[in-house]
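See below for the structure under consideration.
The values are calculated or read from the model by the stated rules, or taken from the named source; none is laboratory data. Since we're looking at a predicted model, the values are computed, not measured. Cβ atoms come from the backbone with ideal geometry, glycine included; neighbour counts cover every protein chain shown.
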């Protein structure tokens, strides 16, 4: 009986831990809500599709490591496409 109790408690802790670390899904949020979440947290890992996620940051902040900078990308949200920022190396297109 003691083994069952320990197993049950361990299972409950694992479920609670995984629920606490679930990523917010941009597809279930409005664009304004996704932008507000990032603005408030300064950076957040968000689910963007069935098998995709990314780390998004504020446009003007220090969340990116050098030489990366915040780059705008489109993500799906409940009310359509939304522009969020993620860290990426800048691409320079110099004229020939």
Those residues of the range 65-82 which are in contact (Cβ under 8 Å) with a residue 24 or more places away in the chain and within 16 Å of residue 43 (Cβ to Cβ) amount to 75
Across the range 44-72, the tally of residues that are within 13 Å of the chain's Cα centre (by Cα) and assigned to a strand (DSSP E or B) stands at 12
Per the list (1) loosely packed, with under 14 Cβ neighbours inside 10 Å; (2) in contact with a helix residue (DSSP H, G or I) (Cβ under 6 Å, 6 or more places away or on another chain), residue check on residue 82 breaks on (1)
Among residues of the range 35-64 being without any contact (Cβ under 8 Å) to a residue 12 or more places away in the chain and farther than 13 Å from residue 23 by Cα, the residue surrounded by the fewest Cβ atoms within 10 Å (Cβ to Cβ) is 60
| message | Residue under question is residue 81, and the condition is that it be touching a strand residue (DSSP E or B) at 6+ places or on another chain (Cβ under 6 Å) and assigned to a loop (DSSP other than H, G, I, E, B); does it hold? | response | no
Taking the range 17-26 and the residues there that are exposed (fewer than 10 other Cβ atoms within 10 Å of the Cβ) and assigned to a helix (DSSP H, G or I), the one that is modelled with the lowest pLDDT would be 17
Those residues of the range 27-43 which are within 18 Å of residue 64 (Cα to Cα) and not in a helix (DSSP H, G or I) amount to 42, 43
